[in-house]
1. In the stretch 172-220, which residue that is among the β-branched types (V, I, T) and at pLDDT below 90 is nearest to K271 (Cα to Cα)?
2. From the set of residues in the stretch 73-102 that are modelled with pLDDT of 85 or more and more than 30 Å from Q120 (Cα to Cα), which is most open to solvent (accessible area, probe 1.4 Å)?
3. Within the set of pairs 6 or more residues apart or between chains, which connect a residue that is more than 21 Å from E494 (Cα to Cα) inside the stretch 542-564 to a residue that is buried (at least 21 other Cβ atoms within 10 Å of the Cβ) and of a type in the set (D, E) with Cβ atoms less than 8 Å apart?
4. Only one residue in F510, F498 is at pLDDT below 65 and open to solvent by 30 Å² or more (accessible area, probe 1.4 Å), so which one is that?
5. Does the stretch 448-468 hold any residues that are hydrophobic (A, V, I, L, M, F, W, C), open to solvent by less than 80 Å² (accessible area, probe 1.4 Å) and more than 28 Å from the chain's Cα centre (by Cα), and which are they?
6. Kindly list the number of the only condition in (1) within 17 Å of P61 (Cα to Cα); (2) open to solvent by 40 Å² or more (accessible area, probe 1.4 Å); (3) at pLDDT below 85 that fails for Q156.
7. Exactly one condition in (1) farther than 30 Å from S468 by Cβ; (2) surrounded by fewer than 20 Cβ atoms within 10 Å (Cβ to Cβ) is not met by E540; state its number.
8. Take S239 and tell me if it is surrounded by 16 or more Cβ atoms within 10 Å (Cβ to Cβ), among the small types (G, A, S) and assigned to a loop (DSSP other than H, G, I, E, B).
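The values are calculated or read from the model by the stated rules, or taken from the named source; none is laboratory data. Keep in mind that this is a model prediction, so the values were computed, not measured. Every residue, glycine among them, receives a Cβ derived from its backbone with ideal geometry; neighbour counts consider all protein chains shown. Side chains are part of the model used for accessible areas, which takes the heavy atoms of the whole protein and leaves out ligands, DNA and RNA. Shrake-Rupley method; radii C 1.70, N 1.55, O 1.52, S 1.80 Å.
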Amino acid sequence: MKIILVGLGLTVVLLVGISTYITTLYDYNSLKPQLSQAVLQSTGHELTIQGDISFSPGLNPTLSMEGATLSNADWSNENYMARIEKFELKVSILPLLRREIHIQRLILEKPHLLIEINEQGHSNLEFSPGSSKDLPVPEGMARDQRISLPGIAADQIQVKDAVLEIKNHQQGKNSIYNISRIESRKTTRNRYLLLLEMDIDDESLIVEGVIGCPISALASQDPLNFQLRAEIAGTEISSQGSILDLPGLSGLRLQAGAKGSNLSRISHFIKTETPLSGPFSAVFELESDEADAYSIRDFNLTLDKSSAYGTAFLDLRGERPVIEAAINMNRLDLRPALKAQIQAGSSVSSGRKSNRLFSSEPLPLEGLKKVDARINLAVDNLSLPWLDLDELVMDIVLKDGRLDIDVLNAARGQGSMVASLFMDTSHAEPVIRLNSGLSGWDLASTLQDLGKEYFLEARLEWDINIKSRGGSIAAIMANLDGVVQAGLGPSVLENNSFERLGADLSSNLFRIFNPDEDRGSFSAINCGVLVLQSREGLAELSALVVDTTRMTVRGSGTINLRNEALDITLSPRPKEGLDTGVFGRISLSLSELARSFKISGTLADPKLALDPKRSLVTIGKGVGGTVLFGPIGAAASLLGSSESGMVCLENLENGSKEPETYRKGIGGALDSMGEGLRRLFR
């Protein structure tokens, strides 16, 4: 019996040895034509193997080949869609008996994959396998019956020095990604350690973590679980979750976070430029039960000193992305970003030596046509370069290129603002409408917060109703229609604020409002009223009254918003006793006080001089009878019941005596205005 067992053992060893010897001597390069034909029939692409094919037999055989290429689509100008310097595959034999493929090791060295999309939208990945009409069909199986794929598992995968190239001829874009290495090593059942190192647009990407087996998830439709960490463009990204249906790309459950040193760097990397910058962090939960539809819950974002939280929904299934969001923010500081943009615009303008204030550069409005949105936004504090707002509430609807901000409310101390904005970019010339009201606004503290200490006290109101069309600031101003009414309540002006402005115009204007040479540190402004009416870019200064303790200054004229030309006349009227020396020396001569002043030039370069054609007797046209406040405008409500308000009222009603025919021509608008104001002062 012992002899029989020894004999059988020797026989097995002999057979294995003979098989190994035969397989070792076999020339596997002779299989190249058959392999090429099989690939051609399966994919429609030709496989060419320039190097050698080698095979190491055993229970864990290893197949390797060198210098292989796969031909590209017929319509492409590139010869190859894929090429590789070395391919090595080691598998286990025994699992094949269970219809399973067990890959012990897969090594790809210097693979180069080219993905192309032609101008018709077809990809070179759309394989056209050879006809299967003549292939035999297994007994008991229909020709169109799906063949169940065997289970696939891989212990170790290594990809070294890979290149992924994507050419999109439709969009004229070409992207190349250099992948230093990809390593995947099995740790436990269906869990793998993953490491990815690659360069994208001069930025290094590192991804590491634990992930389930994608091949198993595709074959068995089991959830794909993952826990990953990535570093790119100065940003750390972490995520964990699962994909319930990997083949259908749905059933996503994700918890993610990101933290970076500068938002502008990562924004530049993803080619989404933003004026915002500074350190940032974000955490959120994302769910997706359908492909291209994502719900974002409990997101919390911080940017420098700003923070936001809320929920959002993103739908990518339609013609345009749809965003729905409810966002709450404790603080949003846009001053650094917007100041940088303003300075950049000023630098460009300075470089072009432009004498225009309004830019003719096209506004970035095309983005409004690329997305639909419905957003409810609440901001506790919003800081802009020109304004500081509290309790901001906005309802934003964007659809088909039409932006409708139906609700825009904000507060500042005891003051409040309401506004609405409509912009339609579906026309060749975008259409814009703006309505805004300001009540009891503390102008002094607003300017002080912005580092502009012009007033110790100032209260502002306005009422704006305008519309226009155009794709740039210059075009919008050139087509502007509507009325702007503003009123300034009792105010205290810091005198040296005009000196800090440093302009001759500013200092000369100050001389008009306060001609006393011994003017002290502060000047009191009793009130101010401004009414500006524009039609097709020609703005008429229907009313301008500024009343101080020394002077009452009235004005009229036009501002041509098309060419920015100024034609404004100012008439100073000294208070009783000023010309008698009671208040000391004055810096304007009596002859100057008897004449009018003219502001000419442009908005970018205004000039002030004596008006030789007009005197105090004729000045004031438009200050009285042409006031277009409507029933009672913002300026009327501002004046209140103070004695100083009566001064502005008297100047509005009695500042100029126009002929009766002229007063009838303007429809008695002042009479309605005056009666309303009188009721306020009773």
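1. Of everything passing the filter in the stretch 172-220, I200 is nearest to K271 (Cα to Cα).
2. Result: E85.
3. none
4. After applying the criteria, what remains is F498.
5. Across the stretch 448-468, the qualifying residues are F455, A458, L460, W462.
6. The number of the failed condition is (3).
7. (1)
8. Judged against the criteria, S239 is not a match.
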